[in-house]
Amino acid sequence: MLKSNQNHLKKILSASLIALSLLSPLSIHTAQAANNISNTQISPFQLVQITQNIKLNMAQRNLSANEKNLYRKLYDIANNTPSLYNPAIQSPTEQYEHIRKQIRQQFVTVKQLAAQTYGSNAQQKNLLATNAFILMYYDALSRKNPNFYWPNLGVFVANDVRSNYALTFSLSNALDPLKLSNSQNIMIAGKNIPTLQNTIMQANQALIQGQADVMADIGGLSILHQHYDSAELATVLSPYGANLRKAFLLQKVADEYAKSKGNTDKQFKRLATDAAIGFGIHEQEKILQPMWDQALMRDFAKINDFMLSLSLENVGLRGDIFIGVNKFKLIFTPYLIIRAPLSATNLASLQDRIAIARNGFTVLNKWKSNPAYSRWIPIYQSQIGQGEGLYEPIGTR
């Protein structure tokens, strides 16, 4: 899908104003609080102020020399996946647990490096650095194990989550002028501004932890696949879930086809895509659903659905997947978006997220055979994998 990114950004910002305007009669009210602080309706001037603040916060910045050095360190860690495999461990199950443990330790190291660069209190920047590491990791896995397709889409999905971090951080920071002032407490969706900002930060912390958990699991599965037969993995890893077993059985079919006929034709790509969908279902069920079952994330999903409905699905996370690097910068190459199924926008729903993933893998596979798009997809992935031009809002703290 081709689209002007400038028009897209204008659409988001104008939709932000529409959404905030619609919030006014629906969920911002005037009442007297028990502590004698009045809950006050937002004014038209304040709506304009918020929109302007979002624009200022969302402006994209370049990395400093220290940040570039940090990203180089993250890239080196992400591309050192072969060292995670321990040849002294014979059991695939023990190897799986060993690799996941090693990856989790890498995340600890990444957080420490980010805190050294930004300071421990710079929560937003530290979170974005952790996400950049995940993006680099998916790119590395994709290159080192090209027959294991899940990271091919995973890198773009994780980058779309990054765009949501950028937008929600910018929105949260844009609300600062509406904090408690002159005994007036602005209420939005039943929450005062500090509470709403805290909810956004907590939800994003839960999201990045979910991303880290998926990365550790997919990293373990991809590295195992490089050293063990898929049919064997389907059997020994069956205690981790029926969907994981099915995924490796599908991967076995793709592997056998690659051995006999190679991994470049449409049939192999379809088979590998089927397996990737299977692994995606496993990740959604076993790794991400426990996160979305948290009360905080269910509240976040409700707020997200509310904002989507108010803004005609322009503000919020609806499951669309941008196949590119940064939709908020000027783009002279194809602007590609895999639209989520219209009936699947509830991110707290396992079935909705599976539908989004299935559609994403299927469409991406088709686009890889489309001459207009195919050459750009690996270019975008490489740029993301090297941390080039990622979402870096100027207002991030």
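The values are calculated or read from the model by the stated rules, or taken from the named source; none is laboratory data. Here the structure is a predicted model, which is why all the values come from computation and not from measurement. Cβ: placed from backbone, ideal geometry, glycine included. Neighbour counts: every protein chain shown. Accessible surface areas use protein heavy atoms only, side chains included; no ligands, DNA or RNA. Shrake-Rupley method; radii C 1.70, N 1.55, O 1.52, S 1.80 Å.
For the full complex of protein chains and a 1.4 angstrom probe, list T235, T362 by accessible area with the highest value first.
T235, T362
Take the solvent-accessible surface of the protein heavy atoms, probe 1.4 Å, and return the percent of it on region 42-385 that carbon and sulfur atoms account for.
C and S fraction of accessible area: 53 percent.
Using the Cα centre of region 42-385 as the reference point, and only Cβ charges (+1 on K/R, -1 on D/E), how large is the resulting charge dipole? Debye, rounded to the nearest 20.
720
Given the whole protein assembly as supplied and a 1.4 Å probe, what does the accessible area of T333 come to in Å², nearest 10?
40
Using a 1.4 Å probe and ignoring any ligands, DNA or RNA, find the accessible area of V108 and quote it in Å² to the nearest 10.
Roughly 60 Å² of V108 is accessible to a 1.4 Å probe.
Ordered by residue, what ³J(HN,Hα) values in Hz, to whole numbers, does region 91-96 give under the Karplus form 6.51 cos²θ - 1.76 cosθ + 1.60, where θ = phi - 60° and Gly and Pro are x?
The phi angles translate into 6, x, 5, 5, 5, 4 Hz.
Please calculate how many Å² of accessible area region 42-385 carries per residue, with a 1.4 Å probe and no DNA, RNA or ligand atoms counted.
Computed with neighbouring chains in place, this is 41 Å² per residue.
Quick one: order S64, S349, S120 from most to least accessible surface, probe 1.4 Å.
S120, S64, S349
How large is the accessible surface of K261 in square angstrom, using a 1.4 angstrom probe and rounding to the nearest 10?
My reading of the accessible area for K261 is about 140 Å².
Go ahead and collect, in residue order, the members of region 59-99 whose backbone nitrogen is under 20 Å from a label point 7 Å along the Cα-Cβ direction of Q294.
Of the residues in region 59-99, none has backbone N under 20 Å from the label point off Q294.
Per-residue HN-Hα couplings for region 328-337, Karplus 6.51 cos²θ - 1.76 cosθ + 1.60 at θ = phi - 60°, whole Hz, x for Gly and Pro?
9, 10, 5, 10, 10, 10, x, 9, 10, 9
At 1.4 Å probe size, put F332, F156 in order of accessible surface, largest to smallest.
Highest to lowest solvent-accessible surface, that is F332, F156.
Skipping prolines and chain starts, which residues have an amide H placed within reach, meaning under 5 Å, of the one on N185, given they are 5 or more residues away or on another chain?
S38, N39, T40
Please check which bits of region 255-299 a label hung off S369 would reach, taking the label as a point 7 Å along Cα-to-C-beta and the cut-off as backbone N under 20 Å.
255-278
Find out how many positive minus negative residues lie around L127, taking Lys and Arg as positive, Asp and Glu as negative, among other residues whose Cβ is under 11 Å from that of L127.
Within the 11 Å Cβ shell, the charges total +4.
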